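A quick write-up on the structure given underneath.
Since every read-out is calculated from the coordinates, none of them should be taken as a lab result. Since we're looking at a predicted model, the values are computed, not measured. We place every Cβ from the backbone using ideal geometry, glycine too, and count neighbours over all the protein chains shown.
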Amino acid sequence: MMINKRVKKAVIPAAGLGTRFLPATKALPKEMLPIVDIPTIQYIIEEAVQSGIEEILVITNSNKHCMENHFDKSYELEERLMNSGKTKEVKMIDEIANLANIYYVRQKEPKGLGHAILCAKSFIGNEPFAILLGDDVVVNKESKPALKQLIDAYQGVGASVVGVQTVAENQVHKYGIVEPDKRHKTKDERLVKLSGMVEKPKAKEAPSNYAVLGRYVLTPEIFQLLETQEIGAGGEIQLTDAICRLLDTQAVYAYDFEGTRYDVGDKFGFIKATIDFALGREDLKDDVGAYIQQVAQSCKAATKEEKEV
Ligand code: G1P
């Protein structure tokens, strides 16, 4: 089945407290923490735009003004840069302000991801839409952006598609885990039909080790379900629970997307992203690469010394 409803709108929930990055996030939204020199939310918005998204709604809270400023035009800064002949920098900051049509709405109470998405109900209306979670940055040099892969899968099946990748068994308790419908085969081996979904299960109870990693294309019927969704894991209204209920009336698929995903909501994940992104940059890769080798050598020497004592 080919569906001609285009996916033009995306929702980016960014109302979390960023507790895992305190004290940095006391006054700075975690979405503004930079990987090298680009705030994490900019990578997310760029992926949405490269996937064909035209309108983006960011769900914020009262502490997120600087995110709005980042994607706005900054006349004063542009003028100062221009006066000092920094035309390259002027072009760069101007491009950020023209990335997409970005709108903001506040989530007034921190009631969970499902509740944050419900705040987008009137913005989305009756269209299929995308969700990108800010903690999951996905890099894709070889193929299409992760969200574009999901949108293409959606166009093919005409039903909601969640983006998954395999995680280790001892990691399943951190994620929404999908239950593949084993009776149903699709032509694309990356695409599986679902029979269930569970938020943050214990390893023993997990129906698979396919974890939802921050990318969704959903049909608008999800909103009616979110409106009546009861509190779930962690005392929050969970998007996963509403998608699981959507399965009672519609098909839902999981797509095992290609790309390297970084959990930038986690300190180690953030450090890994910083190192890899720096190594991917022409202006930094030689210095950073040489420094990493130097660090690795001194770590090796320290371990050898410890063993000898
Ligand atoms: C959220 C979702 C979860 C998903 C995860 C990673 O959890 O609720 O289903 O697997 O993001 O994208 P959180 O990390 O906000 O606890």
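Some values worked out for this structure:
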{"read-out": "Residue match in region 66-80 (condition: in a loop (DSSP other than H, G, I, E, B), touching a residue at least 12 places away in the same chain (Cβ under 8 Å), surrounded by 19 or more Cβ atoms within 10 Å (Cβ to Cβ) and away from the ligand (no atom under 16 Å from the Cβ))", "value": "yes"}
{"read-out": "Some residue of region 216-232 being loosely packed, with under 11 Cβ neighbours inside 10 Å and more than 30 Å from E127 (Cβ to Cβ)", "value": "no"}
{"read-out": "Matching residues in region 194-248 - criterion: being of a type in the set (V, I, T) and within 11 Å of the ligand (Cβ to nearest atom)", "value": "V198, V212, I237, T240, I243"}
{"read-out": "Single match in Y255, Y175 (criterion: more than 13 Å from the ligand (Cβ to nearest atom) and of a type outside the set (D, E, K, R))", "value": "Y255"}
{"read-out": "Residue in region 219-230 that is under 30 Å from P34 (Cα atoms), in contact with a Pro (Cβ under 8 Å, 6 or more places away or on another chain) and touching a residue at least 40 places away in the same chain (Cβ under 8 Å) present", "value": "no"}
{"read-out": "The listed residue being of a type outside the set (A, V, I, L, M) and either crowded, with 17+ Cβ neighbours inside 10 Å or closer than 22 Å to S195 by Cα (or both), out of Y103, Y175", "value": "Y175"}
{"read-out": "Helices (runs of 4 or more DSSP H) within region 210-308 that include 1 or more residues more than 16 Å from the chain's Cα centre (by Cα) and farther than 30 Å from L118 by Cβ", "value": "267-279, 285-308"}
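One line per residue, one yes/no per condition, for (1) part of a strand (DSSP E or B); (2) within 29 Å of R281 (Cα to Cα); (3) within 15 Å of the chain's Cα centre (by Cα):
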site	(1), (2), (3)
I12	yes, yes, yes
L17	no, no, no
V49	no, yes, yes
M92	no, yes, no
Y103	yes, no, no
